[in-house]
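For reference, the structure is listed below as C-alpha cells.
Where a number appears in this text, it was derived from the coordinates with a stated rule and is not lab data. Note that the structure is predicted; figures quoted are calculated from it, not measured. Glycine gets a Cβ as well: all are built from the backbone with ideal geometry, and neighbour counts include every protein chain shown.
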C-alpha cells in the first residue's frame, strides 16, 4: 500500500468516526433534556413544542449519520475502488479532445453523485419534514427543482470545468493562478446574478405589499446606510413552513428577501429587529470578509492542486491509473474535505462571532427584547433544539446556541 493511500484511509476513518461520535452526542443531549423546557424559555415555549424540537433534531441527526456512512462508502468507491477511473476511461476512450472528455467526465460524475443522493434527500423531505409538519413540497415541485438544478449544473458548471481544464492543459506551470482568477470572477458574477436571474427559477418573489412594514424597513435601511433593488417576499411556504430572512446579491443588485412564513408569524417591529441583524452583517463587512477569506483559501487550494498534478502517486494512490487534468481536479474535489474537516470548528467559530456582532448591531438599531422575542418564535416554529451538545455545537453550529444567544440579548435589554 502506498503511503498516501494509507494516509487517506486513516483520515477518512478518523473523520467518519468523529462525525458519528459528534452526532451521537447531539442525540444524547437532546434526549437527556427532552422532558424539561430550559428555564429562559419556559414561559414562551410549551413542553410539547420543546419535545417536538428534540425529536425533530434527533431524527435529522440520525439521517445525517446514515448520510455519513453512505458518503464514506461512496468516496471509497470513487477513489480506491476505481469509480473515477472508470468514468474518466469511458470518456477518454471515445477519442474526444482532452478538455471535452474531461468536462463530460466531470459533469457525469456530479450528475451521478446527485442521483445517488436522491434517496436520502427524498426521505428527508417526504418522511422527516412531513412527519413533523414542515413539508409542503409536492412530488412535482421536488422533481422540478431537481431537473432545474441539473440544467444549471450543465449550463454553468460545465463551462467552468471546461475553462479550468483548458488552463490546466494550456497555461503552463502557473495555470492555477489563472484558474483562480476565473473561479473568483465566476463566483462574483454568480453572486451578482443570483437574486435576479437564478433564484426566480425556483421561487416566486413579489414586492412587499404591507405598507406599514415597508415603511419601517425603509427607515431602518436609511439609518443603516443600505441600498437595495427592493424588498421582496418569497413563497417559501410552497416548499416548507420554516421561516427565514436574508439579503442577497452584490453591488447595486442587492435584494432584501423575507420568507412569507416569517412575515406571517412575526409582528412588524420583530421583523424590523430580525432585518437589523441581517443588515448588521452588511454594515460590519461580514459578507466581504467571508468572500475574501474564501478567495484566499481558493488560491491556496489551487496552488496545492497545481503541485499535486505533477505527483504520479497522487493518481495511483487514489485508484486512478492514468494521470490527467480532469483526474487531478476530480480527485482533489473529492479528497480535500477529508483532510480539511479538522478545521471545521474554525469556520463555525468565525460565523458565530459574526452572529454576535450582528446581534449587537441590531440592538443599536432596534430593540434587544424584540429581537429576542423574534428569535424565540423562530426557534419554536422551526423546531430548533434548545439543548444542543456543546462539542457538536463547537464543530457545526454557524449560529450561537439558542440559550446563549437569547440570554445575551435579554441581558442587554435588562441593562437598557
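A full extension of the chain between residue 76 and residue 190 corresponds to an added length of 37.8 nm, given 0.36 nm per residue minus the alpha carbon distance.
Relative intensity of the range 213-371 on a log10 scale, I(q)/I(0) at q = 0.17 Å⁻¹, equals -0.99, per a Debye sum over C-alpha point scatterers of equal strength in the absence of solvent.
Beta bridges from DSSP with both residues in the chain: antiparallel share about 65 percent, rounded to the nearest 5.
R0 = 41 Å: FRET efficiency of residue 2 with residue 33, Cβ-based, nearest 0.05? Calculated value: 0.30.
For Cα pairs less than 8 Å apart in space and 6+ apart in sequence, what is the mean separation divided by the residue count of the range 67-143, i.e. the relative contact order in percent? If you can, show how the numbers build up before the last one.
On the way: 25 pairs, mean separation 13.4, N = 77.
In percent, rounded to a whole number, it is 17.
Restricting the calculation to alpha carbons of the range 292-416 gives Rg and Dmax of 21.4, 67 angstrom. Along each principal axis, taking the top coordinate minus the bottom one, the Cα set of the range 318-362 gives 55, 18, 7 Å in descending order. Computed from the C-beta positions of residue 252 and residue 146, the FRET efficiency with R₀ = 22 Å rounds to 0.10.
Placing pseudo-labels 7 Å out from each Cα toward the beta carbon at residue 21 and residue 404 gives an inter-label distance of 2.0 nm.
Provide the FRET efficiency to the nearest 0.05 for the residue 340-residue 48 pair, computing r from the beta carbons and using R0 = 41 Å. All intermediate terms of the calculation are to be shown ahead of the outcome.
Numbers: r = 41 Å, r/R0 = 0.99.
Result of the calculation: an efficiency of 0.50.
Tell me, what are the semi-axes, in whole angstrom and largest first, of the equivalent ellipsoid of the range 1-127 as set by the roots of 5 times the Cα gyration tensor eigenvalues? Provide the component values of the computation, followed by the final result.
Details: eigenvalues 360, 72, 18 Å².
Each semi-axis is √(5λ); the values are 42, 19, 10 Å.
Where in the range 141-163 is the amide nitrogen less than 18 Å from a point lying 7 Å along the Cα-to-Cβ axis of residue 100? In the range 141-163, the label zone of residue 100 (backbone N under 18 Å from the point 7 Å along Cα→Cβ) covers 155, 158-163.
For the range 229-315, the calculated P(r) over all alpha carbon pairs, in 10 Å bins from 0 to the bin holding the longest distance, is 14, 31, 23, 15, 13, 4, 0 percent. Note on the chain: percent of Cα-Cα distances in each 10 Å bin, starting at 0 and stopping at the bin with the largest distance, equals 4, 17, 27, 28, 16, 6, 1, 0.
Based on a Kirkwood Rh over C-alpha pairs, give the Stokes-Einstein translational diffusion coefficient of the range 124-242 at 37 °C and viscosity 0.692 mPa s in µm²/s. Intermediate values should be presented prior to the final figure.
Values: Rh = 18.0 Å.
The diffusion coefficient I find is 182 µm²/s.
Between the helical axis of 402-415 and the longest alpha-carbon principal axis of the chain there is an angle of about 40 degrees. Relative to the longest principal axis of the Cα atoms of the chain, the long axis of helix 286-308 lies at roughly 10 degrees. Each Cα pair under 8 Å and six or more residues apart adds its separation to the average, and for the range 131-259 the resulting relative contact order is 29 percent.
For residue 307, project a label point 7 Å along Cα to C-beta. Then give me every residue of the range 343-381 with its amide nitrogen under 19 Å of that point. Those under the cut-off are 343. Taking 0.36 nm per residue of separation and subtracting the current Cα-Cα distance, fully stretching the chain between residue 227 and residue 285 would add 19.4 nm. Evaluate the relative contact order of the chain (contact order divided by residue number), counting alpha-carbon pairs under 8 angstrom at least 6 apart; express in whole percent. Reported relative contact order: 23 percent. Helix 344-365 and the longest principal axis of the Cα set of the chain meet at an angle near 30°.
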